[in-house]
1. Round to the nearest 0.05 the FRET efficiency obtained for T121 and S23 when R0 = 22 Å and r is the Cβ-Cβ distance.
2. Enumerate the aspartates and glutamates that K45 could reach by cross-link, defined here as Cα to Cα under 19 Å, with residues fewer than 8 away along the same chain left out.
3. Round to the nearest 0.05 the FRET efficiency obtained for L136 and D111 when R0 = 25 Å and r is the Cβ-Cβ distance.
4. Name the residues of region 20-49 whose amide N is less than 15 Å from a point 7 angstrom out from the Cα of A74 along the C-beta direction?
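Only the coordinates and a few stated rules stand behind these numbers; no lab work does. The model shown is predicted, which means the values in this text are computed figures rather than measured ones. When we count neighbours, we look across all protein chains shown, and the Cβ atoms used for this are built from the backbone with ideal geometry, even at glycine.
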Amino acid sequence: MIRYDILCEAEHRFDGWFASSDSFDEQVARQLVQCPVCGSHKVAKALMTPGVPARGNRKDEPVPALHAPTDPKAQAMAEMVRKLRSHVEENADYVGDKFAEQARRIHYGEDEQRGIYGEATIDEARELHDEGVEVLPLPKLPEDGN
């Protein structure tokens, strides 16, 4: 996996993890990468500095927390995402990796109407979208990656 800093046309910066550079390019071409702030699909890799790990034998320098938002707007946005996820978890049924299957069953009237959440691959989400099944990915939080 490779992590890229990504910049949208409105200069909002965010990051994303991809299987490869080609995977990033393919997803951008198919408009699958979207700015979490403004929703723009016009995105590109931002200039990044290489991540060099701190030497493990140094005890005099504290290692800062990774991905901790310091910008007040980013902190407020992360808190809103936490509240959204909490609301979904409290009011919907977790269906795990059966999300695509369950979403189809509900959409086609084969199962009771209810809110669900779980995991789906990019391809599964794309197929659901193509079939007219409404799905919304829950944004990841900084603490989800560690």
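1. Working: r = 13 Å, r/R0 = 0.58.
For R0 = 22 Å, the calculated efficiency reads 0.95.
2. Partners found: D5, E9, E11, D15, D22, D25, E26.
3. My answer for the efficiency is 0.85.
4. Those under the cut-off are 36-37, 46-49.
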